[in-house]
Each structure stands twice: as C-alpha cells, then as structure tokens.
Amino acid sequence: MNEVRKIDRIDAGPRFTEHDAVRLNRMFRGSSTQEMLDAVIKGSLAGDVTTVSSFGAESIVLLHLIAQVDPSVPVLFLDTGKHFAATLKYRDHVVERLSLTNLVVLKPQETVLTAKDETGLRWSYDPDGCCEIRKVIPLAKALANYDASFTGRKAFQSATRANLPRFEVDTSDDQGRLKINPLIDWSADDIADYLEEHDLPRHPLVAQGFPSIGCEPCTHKVADGQDPRSGRWKGWDKVECGIHQPGEEPFL
C-alpha cells in the first residue's frame, strides 16, 4: 500500500490530490468495506480521520463498522438545535451500545444565531441559510483539524449520490482533505441485512415512515417507493444540507 502517501501531520498545503483519490479507489477495488476501513484507520493511510454522523436512519451501520476497528475515532455530531428529541436520545443509546469513546458535539455559535436567526424560524423561509449557520460553518471549522472524514452516503439514497466514488477530495476548500464513503456501494438490502445480523437498534422514527432523518422542521414522512430523501426539505428545490457540496459563499 506504499503507492499512496501517508499523512503524518497537518501542513499548509493540500493534504491529498485528485490523483491520490484515484489511486485509493484503485487500491481498494474489490476490497470489502471492513478491509478498507481496517487499512485506512490502522494503516493511517488518510492521516487523522474522523467520521461525521447524523445518528439518523442508517447511521449505526457505519458507526458499528468503525467501532470494530477503533472505537476512539472521533464522531462529529452537528447539534443544530432543531433535531427530533428521538434523535438525541438515539444518539446517546448508540454511543453507549457501541462503546464509542470520542463523540464530538458541534453547535452553531450563539452570536451568529442571535444575529442571523433570532426567531429560530429561518428554516421556514431560507433553508439554505439555516443549514449554513447550523451545519456547514460549524462542521467546516471542526474538519480543519482532520485530514479525512468518513461519511454515510450511499448511492441508492438519491440521484445526487448515485455516482460517488469511495474516495474523493473534499472540494469545499483548498486543503485537500479526503472524503471517504465506505457504504457508497451498499444497497438498501445490504443495510437491512447488516442491521439484522448484528442486532443493531434502529432509529425509532424509521418505523413511523422516516427513511431519512434530519432536523425536525425540515423532515417529513416518505411514501413507499419514493426516494428515501424526498422527505427532506419538502416543497423546496433542495436535496442536500450543504456539508457535502462544494463551498459557496455563506448564506448569511
């Protein structure tokens, strides 16, 4: 695995290039998800790594896979102040169940909320701006401390995720961080089988018709056969919160 350079420290230049991402995708072609995670985490192929988790409908699968390799991998959770109470309770249950030892809770700055969303209703007229304040900015600041991050994105979830690779360079800034999608080629059946095989607890809202769970005001039930993410930001031309999109000027 010496064809991909290891990252031993954070420096001023780009950590990874598109060429590195291509090499990593070729290196792990045909490898199982667990084999890839073992190599990346134990072999420090991606330097300081973290995972970003919403503790949503399927989040526990990736967290369980990572915990089997190293339960001390930092888990970043964006506490937007708008989550379902059930999500926060489920988060705490999952952390205990998987013996995760490094949960990092990220919150928006109070001064920003006071200046830009004093009523707490920005989600109702400017969901992009709400996501920017409560998710994008806090996460960007936190990720500056890491060389790579794992995500739970899967190709079947939406058209915008259908062709994502396992490894990609995060284009949200010029730091060259890696974004790693371990479950990108997993199907809905794969997820269901894994949950059953390991007897993992489901988010309680899944049984109520929420296959994709975000903030409470912007998450709706989804009918059978619909895109799992069609219940997010219903009525808006919006399919992502912004943390997985190239950087743009903040919606402030």
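Between LEU139, LEU88, which is touching a strand residue (DSSP E or B) at 6+ places or on another chain (Cβ under 9 Å) and either open to solvent by less than 50 Å² (accessible area, probe 1.4 Å) or in a helix (DSSP H, G or I) (or both)?
On the way: LEU88 fails: touching a strand residue (DSSP E or B) at 6+ places or on another chain (Cβ under 9 Å).
Result of the check over LEU139, LEU88: LEU139.
Would you mention how many residues in segment 31-49 are open to solvent by 30 Å² or more (accessible area, probe 1.4 Å) and either in contact (Cβ under 8 Å) with a residue 12 or more places away in the chain or touching a Pro at 6+ places or on another chain (Cβ under 8 Å) (or both)?
Selection size over segment 31-49: 5.
Check PRO211 against each of (1) open to solvent by 30 Å² or more (accessible area, probe 1.4 Å); (2) within 23 Å of ASP92 (Cα to Cα); (3) at pLDDT 85 or above and name the one condition it does not meet.
Here PRO211 clears every test but (3).
Return only the number of the condition from (1) over 30 Å from THR119 (Cβ atoms); (2) of a type in the set (A, V, I, L, M); (3) touching a Pro at 6+ places or on another chain (Cβ under 6 Å) that VAL222 does not satisfy.
(1)
Failed condition for PHE77, given (1) assigned to a helix (DSSP H, G or I); (2) in contact with a Phe, Trp or Tyr (Cβ under 7 Å, 6 or more places away or on another chain), with all others met?
Among (1) assigned to a helix (DSSP H, G or I); (2) in contact with a Phe, Trp or Tyr (Cβ under 7 Å, 6 or more places away or on another chain), the lone unmet condition for PHE77 is (1).
Would you say THR151 is open to solvent by less than 20 Å² (accessible area, probe 1.4 Å), among the hydroxyl-bearing types (Ser, Thr, Tyr) and within 20 Å of HIS64 (Cα to Cα)?
On the way: open to solvent by less than 20 Å² (accessible area, probe 1.4 Å): yes; among the hydroxyl-bearing types (Ser, Thr, Tyr): yes; within 20 Å of HIS64 (Cα to Cα): yes.
Here the answer is yes, as THR151 does meet what is asked.
Could you please find all residues in segment 164-184 being over 21 Å from SER32 (Cβ atoms) and either among the polar types (S, T, N, Q) or open to solvent by less than 10 Å² (accessible area, probe 1.4 Å) (or both)? Break it down stepwise before answering.
Of the residues in segment 164-184, the ones over 21 Å from SER32 (Cβ atoms) are 169-177.
Across segment 164-184, the qualifying residues are THR171, SER172, GLN175, GLY176.
Restricting attention to segment 117-129, and to residues there that are in contact (Cβ under 8 Å) with a residue 24 or more places away in the chain and outside any loop (DSSP other than H, G, I, E, B), which single residue is surrounded by the fewest Cβ atoms within 10 Å (Cβ to Cβ)?
Our first condition is that a residue be in contact (Cβ under 8 Å) with a residue 24 or more places away in the chain; within segment 117-129, this holds for 120, 123-124, 126-129.
Next, from what is left, pick out any that are outside any loop (DSSP other than H, G, I, E, B): 123-124, 127-129.
Numbers: TRP123: 22, SER124: 11, PRO127: 22, ASP128: 20, GLY129: 18.
Checking each candidate, the answer is SER124.
Of the conditions (1) modelled with pLDDT under 95; (2) in contact with a helix residue (DSSP H, G or I) (Cβ under 8 Å, 6 or more places away or on another chain); (3) open to solvent by 20 Å² or more (accessible area, probe 1.4 Å), ASP70 clears all except one; give me its number.
Looking at each condition in turn, ASP70 falls short on (1).
Could you tell me which of the residues PHE55, PHE77 is without any contact (Cβ under 8 Å) to a residue 40 or more places away in the chain, among the aromatic types (Phe, Trp, Tyr), surrounded by 19 or more Cβ atoms within 10 Å (Cβ to Cβ) and touching a Lys or Arg at 6+ places or on another chain (Cβ under 8 Å)? Full working, then the answer.
Details: PHE55 fails: without any contact (Cβ under 8 Å) to a residue 40 or more places away in the chain.
The unique qualifying residue is PHE77.
Looking at segment 94-116, which of its residues are loosely packed, with under 13 Cβ neighbours inside 10 Å and in a loop (DSSP other than H, G, I, E, B)?
SER99
The values are calculated or read from the model by the stated rules, or taken from the named source; none is laboratory data. In this text the structure is predicted, and so the values were computed from the model without any measurement. So basically every Cβ, Gly included, is an ideal-geometry build from the backbone, and we count neighbours across all protein chains shown. Quick note on the areas: whole protein, heavy atoms, side chains included, nothing else; ligands and nucleic acids left out. Shrake-Rupley method; radii C 1.70, N 1.55, O 1.52, S 1.80 Å.
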